[in-house]
Amino acid sequence: MNDLFGQALQDYQNNNYTEDLYTETNISEKDILVLPYLFRSFDMMPPLEQLALKRTYGRTLDVGCGAGSHSLFLQESQIEVMGIDSSKGAIEVCKQRGLKNTRAIDLLHLKKEKFDTILLLMNGTGIFQKLGLVSNYLQHLKTLLNKNGQILIDSSDLRYMYDTGDEEGSILVPFGSYYGELEFTTFYKGLVCEPFDWLYLDPQTFGDLAIENGLNFEIIGKGENYDFLAKLTFI
């Protein structure tokens, strides 16, 4: 099954919660993703997510909205928001939770829309998949952004996972690859999804790519685990 994420969200929403999701990457062991966390309120969100929501204005697109927690907070704050996700199960949960404007669609297939704020949270750069695809996604995001709009997106610098421990701070990564390119596998109730690519970007690389694609890059918040929140705007 390719939509284990959506199935898990639906189980939780419909009071069939008996197990959590698990994820595994090519550089880390299996890790738990506790389902109630995906249904969290604003007060339970990490500071960078709270900051992004506080900085949101105008017509807003929530990319990869999941269970809809970010979108629902914005909707309750009288902000016009559209939540999109490639998971049909996730979108069904968003509708059940009361989100008014949703679409089960891949970001690259969304066209003929304009937004003042575009949100990509919970490692928003993951949707780019590979370093070589970042420019494609940034160019598409620009087509969805109003002239004075903003893209708020978070990520983490995974450099620490490859630190050799020497005084010069060098890292050891597989030859020919970017250290933020990971392959994820999801497990739920004895089922396994097809592995998928997920990208973490360091600030320097992300900033360089943003400028190359005609976007200003500004870090507006930093977390405690090498994570950061960036704002992208038209140059």
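For segment 62-70, the condition of being among the hydroxyl-bearing types (Ser, Thr, Tyr) and free of Cβ contacts under 8 Å to residues at least 40 places away in the same chain holds for at least one residue. Residues of segment 132-145 that are surrounded by 16 or more Cβ atoms within 10 Å (Cβ to Cβ) and either small (Gly, Ala, Ser) or part of a helix (DSSP H, G or I) (or both): Val134, Tyr137, Leu138, Leu141, Lys142, Leu144.
Taking segment 211-227 only, how many residues are surrounded by 12 or more Cβ atoms within 10 Å (Cβ to Cβ) and polar (S, T, N, Q)? Final tally of qualifying residues: 2.
Here is a yes/no grid of residues against (1) closer than 29 Å to Arg40 by Cα; (2) in contact with an Asp or Glu (Cβ under 8 Å, 6 or more places away or on another chain):
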residue	(1), (2)
Ala104	yes, yes
Leu107	yes, no
Asp116	yes, no
Asn123	yes, yes
Leu131	no, yes
Ser135	no, yes
Asn146	no, yes
Gln150	yes, yes
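Under the condition of being in contact (Cβ under 8 Å) with a residue 40 or more places away in the chain and part of a strand (DSSP E or B), which residue from segment 196-220 is farthest from the chain's Cα centre (by Cα)?
Of the residues in segment 196-220, the ones in contact (Cβ under 8 Å) with a residue 40 or more places away in the chain are 196-203, 205-206, 209-210, 212-215, 220.
Okay, now just the ones that are also part of a strand (DSSP E or B), so 196-199, 215, 220.
Numbers: Phe196: 14, Asp197: 13, Trp198: 10, Leu199: 10, Leu215: 19, Ile220: 17 Å.
Selected residue: Leu215.
Filtering segment 28-51 to residues that are more than 17 Å from the chain's Cα centre (by Cα), assigned to a helix (DSSP H, G or I) and not acidic (Asp, Glu) leaves Pro36, Met44. Starting from segment 78-89, take each residue that is closer than 14 Å to Thr117 by Cβ and surrounded by fewer than 19 Cβ atoms within 10 Å (Cβ to Cβ) and list its partners that are modelled with pLDDT of 95 or more and hydroxyl-bearing (Ser, Thr, Tyr), counting only C-beta distances under 7 angstrom and pairs at least six apart or across chains. Here the result reads Ile79/Thr56; Ile79/Thr60; Glu80/Thr60, each pair linking segment 78-89 to a residue that is modelled with pLDDT of 95 or more and hydroxyl-bearing (Ser, Thr, Tyr).
The set of residues in segment 100-116 that are crowded, with 18+ Cβ neighbours inside 10 Å and among the polar types (S, T, N, Q) contains only Thr102. Of all the residues in segment 70-99, those that are assigned to a helix (DSSP H, G or I) and acidic (Asp, Glu) number 2.
Acidic (Asp, Glu), part of a strand (DSSP E or B) and surrounded by fewer than 19 Cβ atoms within 10 Å (Cβ to Cβ): is that true of Glu24 in this structure? Steps first, please.
Values: acidic (Asp, Glu): yes; part of a strand (DSSP E or B): yes; surrounded by fewer than 19 Cβ atoms within 10 Å (Cβ to Cβ): yes.
Criteria met by Glu24.
For segment 100-124, a residue qualifies if it is assigned to a loop (DSSP other than H, G, I, E, B) and not charged (D, E, K, R), and the qualifying residues are Asn101, Ile105, Leu110, Leu121, Met122, Asn123.
The values are calculated or read from the model by the stated rules, or taken from the named source; none is laboratory data. The structure displayed is predicted, hence computed values, not measured ones. Here the Cβ is made from the backbone with ideal geometry for all residues, glycine too, and neighbour counts use every protein chain on show.
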